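Colleague: Take a look at this one; I'll ask things after.
The values are calculated or read from the model by the stated rules, or taken from the named source; none is laboratory data. Small disclaimer: the values here were computed from a predicted structure and weren't measured. Virtual Cβ from ideal backbone geometry, glycine too; neighbours counted across all protein chains shown. Heavy atoms of the whole protein, side chains included, go into the accessibility calculation; ligands, DNA and RNA do not. Shrake-Rupley method; radii C 1.70, N 1.55, O 1.52, S 1.80 Å.
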Amino acid sequence: NEFKLKKGFKEIYQTTIFKFHLNKRLELAMIMIKNTPTSLKTVALSHGFKSFPHFSKAFKKKYGKNPSYFKQFRNR
């Protein structure tokens, strides 16, 4: 059942399913920011965020810097 799934997941990964999924989305967004010329708004929307401000806030919380900071280091 759902309770056992969530409890077992947290025991194994020491995080909730929601936070795990959010971190994976942010990690994939970071890769896209660093390796493609895609706009930050498009990156946010393509990784399931409803708006760029929501994405930017979650990104900054995880990485300590705004997404635009990492965009400047994009592999050319």
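Colleague: Keeping the other protein chains in place, figure out the carbon and sulfur percent of the accessible area of the chain, with a 1.4 Å probe.
Modeller: 59
Colleague: Next question, about the same structure. Among Lys34/Lys65; Lys6/Lys50; Lys19/Lys57; Lys10/Lys61, which pairs are too far apart, with a Cα-Cα distance over 19 Å?
Modeller: Lys6/Lys50; Lys10/Lys61
Colleague: Additional query: Any aspartates and glutamates with Cα under 15 Å of the Lys62 Cα? List them, leaving off those in the same chain fewer than 8 positions away.
Modeller: Leaving aside aspartates and glutamates fewer than 8 places away in the same chain, those within reach of Lys62 are Glu27.
Colleague: From the helices alone, meaning DSSP H stretches of at least four residues, give me the mean residue ellipticity at 222 nm for the chain, per-run term -39500 (n - 2.57), in deg cm²/dmol to the nearest 500.
Modeller: Counting only the DSSP helices, I get -22000 deg cm²/dmol.
Colleague: Have a look at Ala58, Thr16, Gln72 and report the one farthest towards the positive end of the charge dipole of the chain, computed about the Cα centre with Cβ charges (Lys/Arg +1, Asp/Glu -1).
Modeller: Highest projection toward the positive end goes to Gln72.
Colleague: Give me the log10 of I(q) over I(0) for the chain at q = 0.13 Å⁻¹, as the Debye formula computes it from C-alpha points; what are the numbers?
Modeller: These q points yield log10 I(q)/I(0) values of -0.44.
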